[in-house]
1. For Pro196, only one of the following conditions fails: (1) without any contact (Cβ under 8 Å) to a residue 60 or more places away in the chain; (2) over 15 Å from the mean Cα position of the chain (by Cα); (3) surrounded by 14 or more Cβ atoms within 10 Å (Cβ to Cβ). What is its number?
2. Given (1) under 18 Å from Gly265 (Cα atoms); (2) open to solvent by 60 Å² or more (accessible area, probe 1.4 Å), identify the lone condition not met by Glu347.
3. Please state which of the following conditions Glu138 fails to meet, knowing it meets all the rest: (1) in contact (Cβ under 8 Å) with a residue 12 or more places away in the chain; (2) within 31 Å of the chain's Cα centre (by Cα); (3) in a helix (DSSP H, G or I).
4. Step by step: first the residues of the range 217-243, then only those that are within 27 Å of the chain's Cα centre (by Cα) and open to solvent by less than 80 Å² (accessible area, probe 1.4 Å), then the one that is farthest from Lys300 (Cα to Cα). Which residue is that?
5. Among the listed residues Phe172, Phe149, Phe215, Phe116, identify the single one that is touching a Lys or Arg at 6+ places or on another chain (Cβ under 8 Å) and of a type in the set (Phe, Trp, Tyr).
6. Quick check on my filter: what residues within the range 243-295 are assigned to a helix (DSSP H, G or I) and hydroxyl-bearing (Ser, Thr, Tyr)?
Amino acid sequence: MEISVFGLGYVGCVSVGCLAQGGHHIIGVDIDENKVDLINQGHSTIVEKDIDSLIEQYNKSGNIEATCDTNYAVLNSDISIVCVGTPSSKEGCLDLSYLYRVVEQIALALKEKDSFHSIVIRSTVQPGTCAETESIIERITGKIRDINFGVVLNPEFLREGLAVQDYYNPAFILLASTSSIALDNVEKIYTNINAPIYKTEPNVAEIIKYVNNSFHALKITFANEVGNICKALNIDSHKVMDLFCKDTKLNISSAYFKPGFAYGGSCLPKDLNALIQLAESNNINTPILNNIEKSNEAQKEIVIQQIMKTGKKKVGILGLSFKAGTDDLRGSPIIDVIIKLIDQDYEIKIHDSNLNLEKLIGSNKNYLNTKIPNISSLFSSLNNVLDSSEILVVVNEEQEYKDLFSCILKSNEISGEITNLRTKTIIDLVRIAEEINIDKEYQGICW
């Protein structure tokens, strides 16, 4: 396949070498004549393991050339891959001016081209970039997106020092576009890569690098804070974290990564606070750990504000325990929400089939009576809560709630005797149904 690669820096140079090894003819493009000359002489523009030999080998074979001429590159390729830098602006967001300048140059060249052309963005970008790129090309060329050209987002996940290895061994390849033709064309360039290919919406793919790298930064700082505490206590932090990483069921896994309501229970708050106190007693600064609870409290406030913005005062709470399948009320985050709503004169009704107030004993009973002394007056049957409430807050993923709301949120039919549920505002804290027919009466907390 004929491919032009715009930007011969880190990502672009690696792409040139690896694509050429895949059997494609590559035209590298850059405004820097020194970089163009290096590629044409068979040399890499960067210091990176294995890329020198790839550039040298495939330059000699005729699979790699480079130019400063955008028209030549576009008119002699089927796919243009954009790998230019998107540095931080003074405000902290990405500066996309270099990328859009390249897109404009590609668009000017496309005015002279009749065949379909695929434009691939490998640079890290912000949500909305693909749509803006399509608009720029349409404005300059007069061509129509998805008919005369297609824009595909294909973010790179390359680590410096291991870039070639990462190129050939990715966790997955991500493609996003509104153009099926462009998606098919770009998918073909990865036939030699043994990795799953995921296709998604452009805005999902545009934000994933932000999420990935922010989490990597979080992991590093979390590990460092743990390490600082361990060092103060003469504990081998590497042994601690090695053991931590062996739990692939909860620690290093997809567990707890479903956006939703605040955490609760007895263990998480207690042990987090204990670790913070341990750090403070040893004069260790732990800003990451210290702010976890603040973030959790902010999530509770989001729910309160969502309820208040509806302008309705009768609220039905579906689930009171800190999670489904238990009667444990300790640290249940919805209790704090209820307390604030009661203070604001909201009428509250609660249903939780796991709870029998008459049988509550010990810390569970003491916790609830301390938090909400008149709690018994708020409990009611499910049907009564559904009938008497204007807002229904789904707190736990109990099967009875799943059955009820899956029917409502996925179709126009409602089974059973409850026929007025579509008039209720539903605030869903757990994404009770996988497929949701969202309308103005449905609100997710994080979606």
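The values are calculated or read from the model by the stated rules, or taken from the named source; none is laboratory data. Quick caveat, the model's predicted, so the values are computed rather than measured. Neighbour counts run over all protein chains shown; Cβ positions are idealised from the backbone, glycine included. Side chains included, ligands, DNA and RNA excluded: accessible areas come from the protein's heavy atoms. Shrake-Rupley method; radii C 1.70, N 1.55, O 1.52, S 1.80 Å.
1. Going through (1) without any contact (Cβ under 8 Å) to a residue 60 or more places away in the chain; (2) over 15 Å from the mean Cα position of the chain (by Cα); (3) surrounded by 14 or more Cβ atoms within 10 Å (Cβ to Cβ) one by one, Pro196 breaks only (3).
2. Single failed check for Glu347: (1).
3. Unmet condition: (1).
4. That would be Met241.
5. Values: Phe172 fails: touching a Lys or Arg at 6+ places or on another chain (Cβ under 8 Å); Phe215 fails: touching a Lys or Arg at 6+ places or on another chain (Cβ under 8 Å); Phe116 fails: touching a Lys or Arg at 6+ places or on another chain (Cβ under 8 Å).
Being touching a Lys or Arg at 6+ places or on another chain (Cβ under 8 Å) and of a type in the set (Phe, Trp, Tyr) holds for just one of Phe172, Phe149, Phe215, Phe116, which is Phe149.
6. Just the residues of the range 243-295 that are assigned to a helix (DSSP H, G or I), to begin with: 243-245, 267-281, 287-295.
Ser281, Ser295, listed by residue number.
Every residue, every condition in (1) open to solvent by less than 50 Å² (accessible area, probe 1.4 Å); (2) in a helix (DSSP H, G or I); (3) out of contact with any Leu (no Cβ under 6 Å at 6 or more places or on another chain); (4) not acidic (Asp, Glu), yes or no:
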position: Asn34; (1), (2), (3), (4): no, yes, yes, yes
position: Gly42; (1), (2), (3), (4): yes, no, yes, yes
position: Lys49; (1), (2), (3), (4): no, no, yes, yes
position: Asp52; (1), (2), (3), (4): no, yes, yes, no
position: Val74; (1), (2), (3), (4): yes, yes, yes, yes
position: Ser77; (1), (2), (3), (4): yes, no, yes, yes
position: Gly92; (1), (2), (3), (4): no, no, yes, yes
position: Tyr98; (1), (2), (3), (4): no, yes, yes, yes
position: Ile106; (1), (2), (3), (4): yes, yes, yes, yes
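Yes or no, residue by residue, for (1) open to solvent by 30 Å² or more (accessible area, probe 1.4 Å); (2) over 23 Å from Val430 (Cβ atoms):
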{"site": "His351", "(1), (2)": "no, no"}
{"site": "Glu358", "(1), (2)": "yes, yes"}
{"site": "Leu392", "(1), (2)": "no, no"}
{"site": "Ser406", "(1), (2)": "yes, no"}
